[in-house]
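Colleague: My questions all concern the structure below.
The values are calculated or read from the model by the stated rules, or taken from the named source; none is laboratory data. Since this is a predicted model, take the numbers as computed values, not measurements. A quick note on method: Cβ atoms are made from the backbone with ideal geometry, for glycine too, and the neighbour counts reach across all protein chains shown.
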There are 4 protein chains.
Amino acid sequence: MVLQTSQLEQKARQLLGDRGVSVVDIANLVMHLQKKYLPDLTLEECVDSVNSVLTKREVHNAILTGIQLDILAEEDKLLQPLQEIVTEDEGLYGIDEILALSIVNVYGSIGFTNYGYIDKVKPGILAELNSHEGPRVHTFLDDIVGAIAASAASRLAHQYPDRAQDITQ
Amino acid sequence: MVLQTSQLEQKARQLLGDRGVSVVDIANLVMHLQKKYLPDLTLEECVDSVNSVLTKREVHNAILTGIQLDILAEEDKLLQPLQEIVTEDEGLYGIDEILALSIVNVYGSIGFTNYGYIDKVKPGILAELNSHEGPRVHTFLDDIVGAIAASAASRLAHQYPDRAQDITQ
Amino acid sequence: MVLQTSQLEQKARQLLGDRGVSVVDIANLVMHLQKKYLPDLTLEECVDSVNSVLTKREVHNAILTGIQLDILAEEDKLLQPLQEIVTEDEGLYGIDEILALSIVNVYGSIGFTNYGYIDKVKPGILAELNSHEGPRVHTFLDDIVGAIAASAASRLAHQYPDRAQDITQ
Amino acid sequence: MVLQTSQLEQKARQLLGDRGVSVVDIANLVMHLQKKYLPDLTLEECVDSVNSVLTKREVHNAILTGIQLDILAEEDKLLQPLQEIVTEDEGLYGIDEILALSIVNVYGSIGFTNYGYIDKVKPGILAELNSHEGPRVHTFLDDIVGAIAASAASRLAHQYPDRAQDITQ
């Protein structure tokens, strides 16, 4: 039996909320990526685009799996040395980037650049998730949130092809 | 701090063994992929190629993360609905393929075909892993083992460019 | 300025036809992939799914770029050694697989296996494209056609989640 | 027959030079990516890492194919609408990013972020390539050069695991 998409989406959205990430937080990242190219872009359009990305099953799968690994690392329930690797967000561990890429791919390759950029500059909610303070582990979540934002930006570009030249620059 | 590769490799090899997969099992998959093209290929060459793939950090990371998720699913320790998805190797869950792809990519895109083929035909150890009998969960492991075999075949192709035309056909 | 999707789709479909590949040819590959799992699948459903894949811009871009390179190789207009590599469909050249992957990715990672399998088994139109007889070069086209078929199969799996377990096995 | 790697490498290096990109140009991008994390990194180390990336066949294949398409676009020899798309570096065309990704993948997923970042910030030679002035087309080359630099940075991270935490941050 395969689960209905709606059930997965509900759980994925709940997990994002539980871990401190709202749709508006992600929409603000989309705005950050696009505001200099699209002066008339509204936060509402960004919210709509994030909501649309959050209907995709690949995105649900990545959210559920990534946040699960973050939670298990917080609870010290992973085998060593994976426990240490995930807790410390180790520099040569790339599985978090791999999950992020599975999200970005759904909206085509034009999202890679936005994902890489936002993951490095870490505006808004990404800076909070990445502070590495306190007991919380967000090794997977920060990459997933960046990938959702990059995908929502790609989606805007595909939706408005006449503005795409700017959006993807 | 970042772990030494040797420590990761030791753990990755140990986990494969614990889950019932030997280097020779994987080498037999490589042989299965290549025997009709390379009649003089020896099992020893296949073993050497698998051993070489098992020195790569991306491969260690995928093995540790994938087997960890399989084990947690066996122990009923994942959140729902991920628990059900991984236990049942659900048809629309593609994170196992994503981890496999992170292995195959290291040896270039020529390995995709071999990975897809072997994952579908499921010879040797892959049939055992995929029997879905008993309490064991191998949702991630079977894709990882197929990816290691496909990578070892790609590596042989790169090593012997004059035989590569056959190897990758 | 960015081109309208409809203009790209028209050109992509025309190029496929010019190179000897019909939508029904690709639908037959989808049927080949699924017939043992879905005895009630009709060719019409397969045609519909292929037509839907052919509306995606990533698919248009891959078709236009790949067929362009095939045509230039036929006309002996590529620089050496690329001319020789593409004409001979050289075993270590993986750019054709890379373009194919850009198609498969749009429908999620569950399509990798079907792509790899069909590219290796080469049923129907793929055998014709891959015959390497006559002056035609189809180094890119055969991978692209296999990727469209695998994507159409993934799309069926996503469309009918209750049948997806079989479709993706 | 499959070409020797050395022959491909020679051609790939020659094409980069012909198109105005030196190894030192790329090494400067690596330095730009790492200087704030690794104050003692020398340009020579960056040059060595770029040279090592330039020995890989996937990298040669991407360079040869991408630059070939740039040159054909300059010569107005591509079919429409591909001619227009490549000449204008159209915003929804992602095949250039796909080729870049095939390079980055060889050094593992930790390079995605650096690639995306540098492709967006466009320091040094990337700004020149991307100026879209004059008759030259560098739609593929700028992504390829960014991908080589990101790969060389990943390679440094893998080479010095004790410094990798900084390198990949």
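Colleague: As an exercise: evaluate A:Leu82 against (1) more than 21 Å from A:Val106 (Cα to Cα); (2) within 14 Å of chain C (Cβ to nearest Cβ); (3) of a type outside the set (S, T, N, Q); (4) surrounded by 19 or more Cβ atoms within 10 Å (Cβ to Cβ) and give the number of the one condition it does not meet.
Modeller: Evaluating A:Leu82 over (1) more than 21 Å from A:Val106 (Cα to Cα); (2) within 14 Å of chain C (Cβ to nearest Cβ); (3) of a type outside the set (S, T, N, Q); (4) surrounded by 19 or more Cβ atoms within 10 Å (Cβ to Cβ) leaves (2) as the failure.
Colleague: Do we have D:Ser6 as touching a residue at least 60 places away in the same chain (Cβ under 8 Å) and either assigned to a helix (DSSP H, G or I) or basic (Lys, Arg) (or both) here?
Modeller: no
Colleague: Consider D:Val21 carefully, then state whether it is outside any helix (DSSP H, G or I) and touching a residue at least 60 places away in the same chain (Cβ under 8 Å).
Modeller: Numbers: outside any helix (DSSP H, G or I): yes; touching a residue at least 60 places away in the same chain (Cβ under 8 Å): yes.
Yes.
Colleague: Looking for whichever is in contact with an Asp or Glu (Cβ under 6 Å, 6 or more places away or on another chain), in contact (Cβ under 8 Å) with a residue 40 or more places away in the chain, within 25 Å of D:Ser109 (Cβ to Cβ) and within 9 Å of another protein chain (Cβ to nearest Cβ) here; the options are B:Ala62, B:Ala150, B:Ala100. Which one fits?
Modeller: Step by step, each of B:Ala62, B:Ala150, B:Ala100 is checked, and only B:Ala100 is in contact with an Asp or Glu (Cβ under 6 Å, 6 or more places away or on another chain), in contact (Cβ under 8 Å) with a residue 40 or more places away in the chain, within 25 Å of D:Ser109 (Cβ to Cβ) and within 9 Å of another protein chain (Cβ to nearest Cβ).
Colleague: If you don't mind, there's one more thing I want to ask. With respect to A:Asp70, determine if the residue is of a type outside the set (A, V, I, L, M, F, W, C), in contact (Cβ under 8 Å) with a residue 60 or more places away in the chain and under 22 Å from A:Ser22 (Cα atoms).
Modeller: yes
Colleague: Looking at (1) within 13 Å of chain B (Cβ to nearest Cβ); (2) outside any helix (DSSP H, G or I), find the lone condition where C:Lys77 falls short.
Modeller: C:Lys77 satisfies all of (1) within 13 Å of chain B (Cβ to nearest Cβ); (2) outside any helix (DSSP H, G or I) except (1).
Colleague: Go through the stretch D:122-156 and report how many residues are assigned to a helix (DSSP H, G or I), under 15 Å from D:Leu29 (Cβ atoms) and not acidic (Asp, Glu).
Modeller: So the first thing to find is which residues in the stretch D:122-156 are assigned to a helix (DSSP H, G or I), and the list is D:125-129, D:139-156.
Still in the list and also under 15 Å from D:Leu29 (Cβ atoms): D:125-129, D:141-156.
Subset that is not acidic (Asp, Glu): D:125-127, D:129, D:141, D:144-156.
Final tally of qualifying residues: 18.
Colleague: Of the conditions (1) closer than 23 Å to D:Glu9 by Cβ; (2) surrounded by fewer than 22 Cβ atoms within 10 Å (Cβ to Cβ); (3) at pLDDT 95 or above, C:Lys77 fails just one. Which one is it?
Modeller: (1)
Colleague: Moving on. I want to confirm something. Restricting to the stretch C:24-45 and keeping residues that are of a type outside the set (A, V, I, L, M, F, W, C) and touching a residue at least 12 places away in the same chain (Cβ under 8 Å), which single residue is surrounded by the most Cβ atoms within 10 Å (Cβ to Cβ)?
Modeller: C:Gln34
Colleague: Now for a different question. Out of D:Arg19, D:Arg13, D:Arg57, which single residue is at the interface with another protein chain (Cβ under 7 Å from one of its Cβ atoms) and over 30 Å from C:Gln4 (Cβ atoms)? It would help to see each step written out before you state the result.
Modeller: On the way: D:Arg19 fails: at the interface with another protein chain (Cβ under 7 Å from one of its Cβ atoms); D:Arg13 fails: at the interface with another protein chain (Cβ under 7 Å from one of its Cβ atoms).
None of the other options fit; the residue is D:Arg57.
Colleague: Scan the stretch A:42-53 for residues that are of a type outside the set (D, E, K, R) and under 14 Å from A:Ser154 (Cα atoms) and jot them down.
Modeller: Passing the criteria: A:Cys46, A:Val47, A:Ser49, A:Val50, A:Asn51, A:Ser52, A:Val53.
Colleague: A follow-up question, please. Does D:Glu88 satisfy the condition of being farther than 22 Å from C:Ala12 by Cα, out of contact with any helix residue (DSSP H, G or I) (no Cβ under 7 Å at 6 or more places or on another chain) and either free of Cβ contacts under 8 Å to residues at least 12 places away in the same chain or surrounded by fewer than 24 Cβ atoms within 10 Å (Cβ to Cβ) (or both)?
Modeller: no
Residue by residue, here is whether (1) at negative phi; (2) at the interface with another protein chain (Cβ under 7 Å from one of its Cβ atoms); (3) assigned to a helix (DSSP H, G or I) holds:
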residue: A:Asp70; (1), (2), (3): yes, no, yes
residue: A:Val86; (1), (2), (3): yes, no, yes
residue: A:Asp89; (1), (2), (3): no, no, no
residue: A:Tyr93; (1), (2), (3): yes, yes, no
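Colleague: What number of residues within the stretch B:102-119 satisfy the criterion of being of a type in the set (A, V, I, L, M), at pLDDT below 90 and either part of a loop (DSSP other than H, G, I, E, B) or closer than 19 Å to C:Leu99 by Cβ (or both)?
Modeller: 1
Colleague: Hey, any hits in the stretch A:32-40 for a residue that's at negative phi, among the hydrophobic types (A, V, I, L, M, F, W, C), in a loop (DSSP other than H, G, I, E, B) and under 13 Å from the mean Cα position of the chain (by Cα)?
Modeller: So far as the stretch A:32-40 goes, no, none of its residues is at negative phi, among the hydrophobic types (A, V, I, L, M, F, W, C), in a loop (DSSP other than H, G, I, E, B) and under 13 Å from the mean Cα position of the chain (by Cα).
Colleague: Restricting attention to the stretch B:105-129, which residues are more than 9 Å from chain C (Cβ to nearest Cβ) and not small (Gly, Ala, Ser)?
Modeller: Initially, the stretch B:105-129 is screened for residues more than 9 Å from chain C (Cβ to nearest Cβ), giving B:105-107, B:122-129.
Those that are more than 9 Å from chain C (Cβ to nearest Cβ) and not small (Gly, Ala, Ser): B:Asn105, B:Val106, B:Tyr107, B:Lys122, B:Pro123, B:Ile125, B:Leu126, B:Glu128, B:Leu129.
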